[in-house]
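To start, the structure under review is shown below, and the notes come after it.
None of the figures in this text is laboratory data; all of them are computed from the coordinates on show. Computed from a predicted model, the values in this text were never measured in an experiment. Ideal geometry is used to build each Cβ from the backbone, glycine not excepted, and the neighbour counts take in all protein chains shown.
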Amino acid sequence: MSAGARPVDGSEPDADDGSGPAPSPGSRLGHWLKVRLAIVLVVLLVIALVAGILWKRVFISIPPGQAGVLFRLFTGTKLDRVYGEGLHVIPPWDHIVRFETRKQVVLHEFDVLSNRGLPVHLALAIRYRPEYEQLPLLYQRIGPDYVTRVVLPQTESVLRRELSANTAEQIYTNEGGLLNAAILLARDEVGRNFVDADDIVIRTISLPPLVKAAIEDKLTQQELLESYVFRLQIATEEAERLRDEARGIRDYQTEVDSSLSGQLLRHEAIRATRELAISHSARLVVLGVRESGGLPVIPSGQTPGAGE
């Protein structure tokens, strides 16, 4: 059969009979790539997608002011380590829970009933932060929402328990420092749950208008009474001082009168007369009679040195 003749049955000639040219290695590789290109693209897309998803689960970055607690899928919370700020690498099936470690402030308001049933409204500002070394226990036993589970309920519970035995006036005026004592107890109670309550500030204390007006009027009258008592005390002390001064003057005069005897007066008169006699100033001196003790008398109008 010639090279261009067809078989009698009309079938195509066999390609493997060695009559046609053999394909080159490059064409076979191109044919393989074309056939499998779609599969390769799908595989690469899946790998990129998985890497993108696992990147955030494997490489964990903790910013400043935060710390992390590791939860392992098979063994639970890792209690012996706190993950500080920076980059951490963990298995993708585990995860890290972040906690804010800086001081934070939460505002809270609630009502306290006094021992007479009057409502006292308290507005608080609570400054707190979790204890750094106890973060794993805090996460395991309480959870990330520890503010609503521990800080607010226990603060409110302690203040209600401590203040409910007092009157509205005692609470409003902080009689005997009862508010300060209740705040200290609330801080201790919160601190037992791995949270440091740095300070609890009472921003406002509100009472029903009529009760508030009555207490303020009573306090005003009490201040006026204390002012009157203070002024009366001052006046009493001043009167006592004047009496002491008068007694001192009286005692002094009595002592002087008792010491001025007749002989002393005559001695002083003789001494004064001698000094006048030796004086260079000319003056008229009249000696008293015997009954007066012979005291010298200088007529008025004469001044020392008038006769010089």
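Given +1 on the Cβ of Lys and Arg, -1 on the Cβ of Asp and Glu, and no further charges, what dipole in debye does segment 210-259 carry about its Cα centre, rounded to the nearest 20?
Working: 7 positive and 12 negative charges, 50 e Å.
Computed about the Cα centre, the dipole is about 240 debye.
Sticking with the crude label model, points 7 Å out along Cα→Cβ, report the distance from TYR132 to THR77 in nm, one decimal please.
Each label point is offset 7 Å from its Cα along the Cβ direction, giving 1.9 nm.
If I model a spin label at ASN174 and HIS95 as a point 7 Å from the Cα along the Cα→Cβ vector, what separation in nanometres do I get?
Placing both labels 7 Å along Cα→Cβ, they lie 4.5 nm apart.
Scan around VAL120 for amide H atoms under 5 Å from its own, H built in the peptide plane at 1.01 Å from N, and keep only partners 5 or more places away or cross-chain.
Counting only residues 5 or more places away or on other chains, the set is VAL112, LEU113, SER114.
Can you give the FRET efficiency to the nearest 0.05 for GLU85 and ARG149, using r as the Cβ-Cβ distance and R₀ = 35 Å?
Efficiency computed from Cβ-Cβ geometry: 0.85.
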